[in-house]
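Undergrad: There's a structure below that I have some questions on.
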Amino acid sequence: MARCGKDTMAAYLKEKYGYEILVFSDVLVEEAEKIGLEPTKMNLSILGDELRAAEGNAVVAKRLMKKIDKEKEYVLSGVRSPEEVYAVQNEMLDFHLVYIDTERSTRFKRRKPEDPQSEEEFFERDGRDIQNKGLGKVIEMADYTISNNSSVEEFYKKIDELVKKIQSENE
């Protein structure tokens, strides 16, 4: 979900563990730039819906997977549909889907100053992602869940615990 901490987690995994970051919405930003569309959150959401209608629900993941170097480790941020999950699983052998569970009120408070959405507009995007893309099913598919309702430091501790858990399971 928007403002749950996806990008914070990705940046931390990059900084501490050396992962490369790939963001699903970057594919949409590139497409928006090609067609001269302003890359606002809502425009990207609508563009994503249009691409999925034209090329299938895995289109964004398939385009993102073209950027993968199999010699590197990645954290992917912003998966929206089960089909995207399956497309990534087909390309990445050691894939773990993490759901970051964050209260609605906390997410809304985390909006950036340059993102002056009303509460209705903010949560409308959640509805679009859950209904149109299948985000609710993606959440159900998660291998792990991390709660992110307190400080960044607490969130980092939970990420470290998850990394240790995954590493021990892979041994």
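Undergrad: I'd like the residue in the range 126-137 that is of a type in the set (D, E, K, R) and surrounded by fewer than 16 Cβ atoms within 10 Å (Cβ to Cβ) and, out of all such residues, is nearest to residue 45 (Cα to Cα).
TA: 126
Undergrad: Here's another thing I want to ask about it. Say we look at the range 29-50 and pick out the residues that are closer than 14 Å to residue 129 by Cβ and over 16 Å from the mean Cα position of the chain (by Cα); which of these is modelled with the lowest pLDDT?
TA: That would be 46.
Undergrad: Follow-up. Which residues, counting only those in the range 3-30, are in a helix (DSSP H, G or I) and not charged (D, E, K, R)?
TA: 8, 9, 10, 11, 12, 13, 17, 24, 25, 27, 28, 29
Undergrad: Restricting to the range 1-50, name every residue that is among the charged types (D, E, K, R), more than 22 Å from residue 97 (Cβ to Cβ) and crowded, with 18+ Cβ neighbours inside 10 Å.
TA: Result: 31, single match.
Undergrad: Would you please name the residue that is nearest to residue 105 (Cα to Cα), looking only at residues in the range 31-50 that are assigned to a helix (DSSP H, G or I) and among the acidic types (Asp, Glu)?
TA: This residue is 49.
Undergrad: Within the bounds of the range 146-166, is there any residue that is touching a Cys at 6+ places or on another chain (Cβ under 7 Å), in contact (Cβ under 8 Å) with a residue 60 or more places away in the chain and either surrounded by 11 or more Cβ atoms within 10 Å (Cβ to Cβ) or over 18 Å from residue 79 (Cα atoms) (or both)?
TA: yes
Undergrad: Of everything in the range 139-164 that's touching a strand residue (DSSP E or B) at 6+ places or on another chain (Cβ under 8 Å) and part of a helix (DSSP H, G or I), which residue is modelled with the lowest pLDDT?
TA: Within the range 139-164, the match that is modelled with the lowest pLDDT is 139.
The values are calculated or read from the model by the stated rules, or taken from the named source; none is laboratory data. Everything numeric in this text was worked out from a predicted model, so none of it was measured. Glycine also receives a Cβ, built like all others from the backbone with ideal geometry; neighbour counts cover every protein chain displayed.
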